[in-house]
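Note sheet for the following structure.
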Amino acid sequence: MLNDFKEFIARGNVIDLAVGVIIGAAFNKIVTSIVEDLVMPIVGALTGGGFDFSNYFLPLSSNVTATSLAAARQQGAVFAYGNFITVLINFLILAWIIFVMVKAVNRMRASIEKKKEDEAPAAAPPQDILLLGEIRDLLRQRA
């Protein structure tokens, strides 16, 4: 069983997945910072300032009288739709960034492949084509 486990861990897919998860976690922090520190202040400025989705909620109890989400949650149940909007914006930005990155990588791969095709020597024609060419040349010499 230990050898099977070693073989499983040594596979490239497992290592690639681990690297992907680690990079994804770090990338999530970058996207969160982009949304919270760059996008949301611009949205707030465009909508008259002080616009913060994270404190948008609907109280589900008459006991909730607070104006901030944290205080409202302590008073009772709330429907925190502003948090959802923020997470949705995070997702859309992340999806867009991944789309742009994949598109750039695909372009880069295509240009590398084209360059390799241009640099690669032409494949030699098959033997039967070479023989037919020789026969043609011999027939021309006789005529």
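The values are calculated or read from the model by the stated rules, or taken from the named source; none is laboratory data. In this text, all values refer to a predicted model and were calculated from it rather than measured experimentally. A quick note on method: Cβ atoms are made from the backbone with ideal geometry, for glycine too, and the neighbour counts reach across all protein chains shown. Calculation scope for accessible area: heavy atoms of the full protein, side chains included, ligands and nucleic acids excluded. Shrake-Rupley method; radii C 1.70, N 1.55, O 1.52, S 1.80 Å.
Among Lys115, Lys29, Lys103, determine the one that fluctuates most according to a GNM of the chain built with springs between C-alpha atoms less than 10 Å apart. Highest fluctuation among the options: Lys115. Extending 7 Å from Cα along the Cβ direction at Leu139 and again at Ser111 yields two label points whose distance is 4.8 nm. With contributions of -39500 (n - 2.57) from each DSSP H run of at least four residues, the per-residue ellipticity at 222 nm computed over the chain stands at -23500 deg cm²/dmol. Between Ala71 and Ile98, how high is the FRET efficiency from 1/(1 + (r/R0)^6) when r is the Cβ-Cβ distance and R₀ = 41 Å? Nearest 0.05. FRET efficiency, Ala71 to Ile98: 0.70.
Remark: segment 1-54 projects, on average over all directions, an area of 5.3 nm² (convex hull of Cα atoms). Each of Leu131 and Asn63 was given a label point 7 Å from its Cα along the Cα-to-Cβ line. The distance between the two points is 9.5 nm. For percent of Cα pairs over 19 Å apart, pick the label among [x] 53; [y] 58; [z] 76 that corresponds to the value derived from the coordinates. Correct label is [z]. Inter-part distance, segment 97-134 to segment 10-48, computed on C-alpha centroids, equals 35 Å. Panel note: the C-alpha atoms of segment 39-90, placed on their principal axes, show extents of 34, 21, 13 Å (largest first). Using +1 on the beta carbon of Lys and Arg, -1 on that of Asp and Glu, and nothing else charged, what's the dipole of the chain about the Cα centre, debye to 20? Dipole magnitude for the chain comes out near 200 debye. With equal scatterers on the alpha carbons only and no solvent term, can you work out the Debye log10 of I(q)/I(0) for segment 48-130 at 0.12, 0.22 1/Å? Listed by q, the Debye log ratios stand at -0.62, -1.00. The portion of the accessible surface of segment 5-88 made up by carbon and sulfur, rounded to a whole percent, is 66 (1.4 Å probe; DNA, RNA and ligands excluded).
Residues whose amide H falls under 5 Å from that of Val78, counting only those 5 or more places apart or on a different chain, are Leu60, with hydrogens built in the peptide plane. Counting 0.36 nm for each residue step from Lys6 to Ile42 and taking away their Cα separation leaves a gain of 7.9 nm.
Between Pro59, Pro41, Pro125, the residue with the greatest mean-square fluctuation in the GNM of the chain (Cα pairs under 10 Å linked by springs) is Pro125. Springs join every pair of Cα atoms under 10 Å in this Gaussian network model of the chain, and among Arg73, Arg107, Arg11 the largest mean-square fluctuation is at Arg11. Solvent-accessible surface of segment 1-139, averaged per residue with a 1.4 angstrom probe and all protein chains in place: 79 square angstrom.
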